[in-house]
Amino acid sequence: MVDKDKRYSISEVSKITGYEPHVLRYYENDFNLDIPRIDSNRRYYTYKEIEQFIYIKELQQKGLTNKQIKLVLESPELVVSGSNEVAATSSEELSIIEDYSSEMVQMLCTRINESIHNNISSKLEETKDEIIDYLDAMLKGRDESEHMDSIRKEKDVLICENARLKMKVKEKSYELAQLKEKMRHLNQKKVPFWKKLFSK
């Protein structure tokens, strides 16, 4: 009798179910069973997991393959129950399961397609958003880069214009100096000779 409130170790479950511990671990992966774990990542089993293993054993004893059992576990709503219980002989049981297998496979394929479609749609949306964000960032960076280039060009133009103006100022200063020199010469020519003698 399995206690509904107790947590069982893998060795205890091995004794209850008749499966070796390594088989229990293998079936956990093979049948995608959700076995609870404590904080230290050690498995523990409740009556729910033990019932699953007992159910798997019953289905194996009725002649079902692990693939068929996996389908039964994943789609319990397709398994015959209640008034339509499985017939007595294993060959009849297999034929009933096989009849339902095509429906299960079809349903699973539909579910997988829907899941893939939903996943792809969401991934495409995420990717689209990422691409838009990336392009926005690139354009913003380019705009900033173009703005900086424009500022640099304007600065270069101003530096060149400043240098040109400085040259003009020097030229004008030189011309002014020449004019002053000419004016001085002209003024000296106008002064009478005797004034030039006494001015020295």
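Between ILE112 and GLU74, the simple label model (points 7 Å from Cα in the Cβ direction) yields a spacing of 0.7 nm. Each other residue within a Cβ distance under 14 Å of LYS123 adds +1 if Lys or Arg and -1 if Asp or Glu, for a net charge of -3. Charge tally around GLU51: other residues with Cβ under 12 Å, Lys/Arg +1 each, Asp/Glu -1 each, net +1. Summing +1 for each Lys or Arg and -1 for each Asp or Glu among the other residues whose beta-carbon sits under 12 angstrom from that of ILE16 gives -1. Given their separation in residues at 0.36 nm each and the Cα-Cα distance between them, ASN66 and SER150 gain 23.1 nm when the chain is fully extended.
No lab work stands behind these numbers, since they all come straight from the coordinates. Quick caveat, the model's predicted, so the values are computed rather than measured. Methodologically, a virtual Cβ is constructed for each residue, glycine included, from the backbone with ideal geometry; neighbour enumeration extends over all protein chains shown.
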